[in-house]
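Reading through the structure tokens given below for one structure.
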Amino acid sequence: MLLSVQPQLTNQSQARGTGVMLRCPRCFHPIGSLPDTDAVAIECSACETRLPCEQGIWRTLLPERVARYSRFVQDYESIRAAEGRGSDTDAYYLALPYRDLSGRLTAQWALRARTFRYIERKIMPRFTPLAHYRLRILDLGAGNGWMSYRFATQGHTPVAVDLLTNDRDGLGAAKHYEPRLASLFPRFQAEVDNLPFGDSQFDLVIFNASFHYSENYEKTFAEAVRCVRGGGTVLIADTPWYSDERSGARMLEERRALFIERYGFPSDELNSLEFLTDQRLGALEQRFHFLWHTHSPFYGVRWHMRPLAARLRCTREPSRFRIYSAKVVK
């Protein structure tokens, strides 16, 4: 059965003309393309699941899944607020990732900036042999939308996905980019294991510092593979890597103790896997029959020397960050 989109109109602003095809997150039937009209909801004609659009954000997280993630979102937002993330000004968001105008998380944003520069300069050119070729990019773990904004200014068509929708650190904060764009990129509240998109339509799927929140790497990666077109690429960025599983386990123990001391809770509501190892990466290669291409951006001399410093001090192995890309053949 061909399923129809049944938009309810309002004066709400949203991105137009993206051509993104949607599927129902409950019954998985196709719903059609993202409406070019201003719509407050779309409805699956097969199971009648209603997906509302609130303040420009498509709410495709099913009610029972909202309940599943509620404690995680509450704890995560509390920690992020305590860290001082977000701002009331457009300037703060427009400067990301290259400058943290708040001055609170300068080191973290410096790392994110180097990752993005590497993607922009070393990886993106492989997709664009023609100067005017525009990529359709799925930004998983988009947060406030800074990466989607950067891609949009380059002429690409990003779609931003996150669990958080608040106006400081979640998808709601993307309103600060709207005055600089002809139309704001589409934003979806969704879980990465059940994306509301049709098959094989994105050129690039990026896990934007988000893959380690997965509770099942194979399931999460399979959903990304489903959404990317044949010949497209899935990319994992800014997820910690350890050479030894025990080092990652120790990191988690230390972080739980720190969070209990600092915030009063361990922030372990989800059974997130939290880090990568060569063994975990290898398991994905075997399951999906591809080879990782590992990229190693230079994050500065101090960052580069961290493993040596840890060995000299006889302390736990520090995390390392790499970029992992996989070309998907279908």
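The values are calculated or read from the model by the stated rules, or taken from the named source; none is laboratory data. Fair warning: this is a prediction, and the values are worked out from it, not measured in the lab. Cβ: placed from backbone, ideal geometry, glycine included. Neighbour counts: every protein chain shown. The area values use the complete protein model at the heavy-atom level, side chains included, leaving out ligands, DNA and RNA. Shrake-Rupley method; radii C 1.70, N 1.55, O 1.52, S 1.80 Å.
Some notes on this structure:
- Close Cβ contacts (under 7 Å, 6 or more residues apart or on different chains) running from residues in region 42-58 that are touching a residue at least 60 places away in the same chain (Cβ under 8 Å) and polar (S, T, N, Q) to residues that are in a strand (DSSP E or B) and open to solvent by 10 Å² or more (accessible area, probe 1.4 Å) are absent.
- Residues (in contact with a Phe, Trp or Tyr (Cβ under 8 Å, 6 or more places away or on another chain) and either surrounded by fewer than 16 Cβ atoms within 10 Å (Cβ to Cβ) or within 27 Å of Arg302 (Cα to Cα) (or both)) located in region 66-85: Ser78, Ile79, Ala82
- Only a single criterion out of (1) open to solvent by 60 Å² or more (accessible area, probe 1.4 Å); (2) part of a strand (DSSP E or B) is not satisfied by Ala160, namely (1).
- Count of region 92-108 residues which are of a type outside the set (S, T, N, Q) and in a loop (DSSP other than H, G, I, E, B): 9
- Residue in region 123-136 that is farther than 22 Å from Phe321 by Cα, buried (at least 22 other Cβ atoms within 10 Å of the Cβ), under 17 Å from the mean Cα position of the chain (by Cα) and among the aliphatic types (A, V, I, L, M) present: no
- Among the residues making up region 137-166, a single one is touching a Phe, Trp or Tyr at 6+ places or on another chain (Cβ under 6 Å) and among the aromatic types (Phe, Trp, Tyr): Tyr149.
- Matching option when the condition is touching a Phe, Trp or Tyr at 6+ places or on another chain (Cβ under 6 Å) and in contact (Cβ under 8 Å) with a residue 60 or more places away in the chain, among Leu284, Leu235: Leu284
- Sole residue being at pLDDT 95 or above, over 29 Å from Val161 (Cβ atoms) and surrounded by 15 or more Cβ atoms within 10 Å (Cβ to Cβ), chosen from Glu261, Glu253, Glu317: Glu317
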